[in-house]
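**Student:** Below: one structure in structure tokens.
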Amino acid sequence: MDYQTLNNSLEIPQIGLGVWRAPNEDAAKAVEWALKAGYRLIDTAAAYKNEDGVGQGIRNSGVPREEIFVTTKLWNSDQGYESTHQAFNDSLEKLGLDYVDLYLIHWPVAGKYKDSWKAMEEIYASGKAKAIGVSNFHQHHLEDLLADAKVKPVLDQIEIHPTLTQEPLRNYLKSIDVAVEAWSPLGQGTILNNPVLVEIGKAHQKTAAQVIIRWHLQNEIIVIPKSVHEQRIQENFDVFDFELSAEEIQKINGLNINERLGADPDNFNF
Ligand SMILES: NC(=O)c1ccc[n+]([C@@H]2O[C@H](COP(=O)([O-])OP(=O)(O)OC[C@H]3O[C@@H](n4cnc5c(N)ncnc54)[C@H](OP(=O)(O)O)[C@@H]3O)[C@@H](O)[C@H]2O)c1
């Protein structure tokens with residue numbers, strides 16, 4: 001397993017399991033399989049309504065809590081100073097944990113995210129979140145947040161995959177020492193038949209999914225592929241025994257068409 005060091009010195013595993021759209025029971029099984037396969041990072045959110053299942057999976061795995069990096073997120077309707085504190089306590093209770101490793105603002109809700117951040121800074125100071133960060137923040141959202149923030153976000157979790165490579169935002173994040181984490185890293189499964197990815201995979205006896213995950217890793221992007229199938233969970237983690245050449249990375253970069261699968265953070269209505 002490779003780790004990245006965040007700007008507050010916390011170490012984060014480079015690969016984790018995402019559990020969006022996995023109901024509690026599926027999430028519990030997926031988390032247990034992932035931890036047994038060697039994953040040490042789990043990405044959930046209050047909005048996924050499966051924090052109970054994630055907590056169950058962690059307990060069922062038998063892996064010590066301190067070895068696991070747990071991320072959860074503040075939902076949009078809970079943003080604001082008081083409600084952020086309340087939502088965080090609810091998340092801890094559902095997870096059955098006394099701290100999380102990372103708490104994220106899920107989306108930059110206009111007029112609210114600064115008040116939410118103030119509460120998150122207090123949560124961080126209390127030690128109940130070992131790190132705090134953001135998700136779906138464009139450069140201008142971060143510049144606005146940083147103008148008043150006492151604590152810098154450790155990372156920005158954004159949509160990235162070979163058809164949406166987000167190089168300008170990644171370069172900005174690097175320049176301010178905020179780590180990059182990719183959501184929908186496999187393009188929600190829609191790009192796994194892409195001939196360029198399949199062909200590169202053949203050369204390494206790997207699948208397109210493994211090639212994409214490797215591409216994220218070699219670009220220093222933290223990556224959280226989701227699956228509720230044990231064999232795929234194992235496959236997505238079996239990426240530490242090969243390396244893409246510079247030419248292969250360039251070919252994959254060339255698949256970028258700036259196409260979002262999710263909402264644009266400047267234009268969302270949820
Ligand atoms: N911050 C945000 O706003 C935000 C937004 C979206 C997602 N996320 C996070 O990012 C995580 C990952 O993104 P995602 O779930 O949208 O999509 P993803 O990881 O890009 O793709 C998941 C899809 O690919 C399939 N899949 C996974 N591994 C596969 C393999 N080896 N071979 C074939 N198919 C495979 C999965 O199916 P099965 O499950 O049936 O195997 C699922 O349909 C989420 O779970 C969530 O934790 C965050």
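**Student:** Between PRO185, PRO162, PRO195, find the one with the highest GNM mean-square fluctuation for the chain; connect C-alpha pairs within less than 10 Å.
**Tutor:** PRO195
**Student:** Which of the lysines could be linked to LYS202 by a straight reach, that is with a Cα gap under 30 Å, when you skip same-chain ones fewer than 8 residues away?
**Tutor:** LYS36, LYS226, LYS251
**Student:** Whole-Hz ³J(HN,Hα) for each residue in segment 31-37, computed from phi via Karplus 6.51 cos²θ - 1.76 cosθ + 1.60 with θ = phi - 60°, x for glycine and proline: what do you get?
**Tutor:** Calculated HN-Hα couplings, in order: 5, 4, 4, 4, 5, 5, 7 Hz.
**Student:** While we're here: Taking Cα atoms, how many degrees apart are the long axis of helix 81-95 and the longest axis of the chain, rounded to 10 and kept between 0 and 90?
**Tutor:** Helix 81-95 sits at roughly 60 degrees to that axis.
**Student:** Next question. Measure nothing but the geometry: give the 0 to 90° angle between the long axis through the Cα atoms of 51-61 and the longest principal axis through the Cα atoms of the chain, rounded to 10°.
**Tutor:** So the helix axis and the longest Cα principal axis differ by about 60 degrees.
**Student:** Please report the projected area of segment 106-164's Cα convex hull averaged over all directions, in nm².
**Tutor:** With the hull built on Cα positions only, its mean projection is 4.4 nm².
**Student:** Could you please state, rounded to a whole Å, how far the C-alpha centre of segment 1-68 is from the C-alpha centre of segment 228-262?
**Tutor:** Distance between centres, Cα-based: 20 Å.
**Student:** If you consider only alpha-carbon coordinates, what radius of gyration and Dmax does the chain have, in Å?
**Tutor:** Both quantities, over Cα of the chain: 17.7, 54 Å.
**Student:** Among TYR48, TYR103, TYR81, rank each residue by its count of other Cβ atoms within 10 Å, from fewest to most, as a rough exposure measure.
**Tutor:** TYR81, TYR48, TYR103
**Student:** A follow-up question, please. Arrange ARG21, ARG232 by Cβ neighbour counts within 10 Å, fewest through most, would you?
**Tutor:** ARG21, ARG232
**Student:** Hey, another quick one. With springs connecting C-alpha atoms under 10 Å apart, model the chain as a Gaussian network and identify which of ASP156, ASP241, ASP90 has the largest mean-square fluctuation.
**Tutor:** Looking only at ASP156, ASP241, ASP90, the biggest GNM fluctuation is shown by ASP241.
**Student:** Considering amide H positions built from the backbone, and no H for Pro or chain starts, which residues 5 or more places from VAL223, or on another chain, come under 5 Å of its amide H?
**Tutor:** Counting only residues 5 or more places away or on other chains, the set is ILE15, GLY16, ALA182.
**Student:** Further, regarding this structure: Please give the helix 113-126 orientation as an angle from the longest Cα principal axis of the chain, in degrees from 0 to 90, rounded to the nearest 10.
**Tutor:** Value to nearest ten degrees: 90.
**Student:** Quick query: amide H of LEU41 versus all other amide H atoms, modeled in the peptide plane; which residues come in under 5 Å with a sequence gap of 5 or more or a different chain?
**Tutor:** The list, which skips near neighbours in sequence, is LEU17, PHE69.
**Student:** Taking the Cα centre of the chain as origin, sum charge times position over the Cβ atoms of Lys and Arg (+1) and Asp and Glu (-1), and report the length of that vector in debye to the nearest 20.
**Tutor:** 240 debye
**Student:** Rounding to the nearest 20 debye, state how big the charge dipole of segment 149-237 is about its Cα centre with +1 on each Lys and Arg Cβ and -1 on each Asp and Glu Cβ.
**Tutor:** 80 debye
**Student:** With a 10 Å Cβ neighbour count serving as the proxy for reagent exposure, in which order, fewest first, do PHE69, PHE137 appear?
**Tutor:** Arranged by neighbour count, lowest to highest, PHE69, PHE137 become PHE69, PHE137.
**Student:** OK, next. For segment 74-204, rounded, prolate or oblate, judged on the Cα gyration tensor with a ≥ b ≥ c (square roots of eigenvalues), a/c < 1.5 rounded, else prolate if a/b > b/c?
**Tutor:** Prolate, because a/c is 1.5 or more and a/b exceeds b/c.
**Student:** Pick from TYR172, TYR39, TYR124: which residue has the top mean-square fluctuation in a GNM of the chain where Cα pairs under 10 Å get a spring?
**Tutor:** In this elastic network of the chain, the residue with the biggest mean-square fluctuation among TYR172, TYR39, TYR124 is TYR172.
**Student:** Around ALA179, which amide H atoms from residues at least 5 apart in sequence, or from another chain, sit under 5 Å from its own amide H, with H modelled in the peptide plane?
**Tutor:** ASN7, LEU155, ASP156
Where a number appears in this text, it was derived from the coordinates with a stated rule and is not lab data. Computed from a prediction, not measured in an experiment: that's the story for all the values here. Cβ: placed from backbone, ideal geometry, glycine included. Neighbour counts: every protein chain shown.
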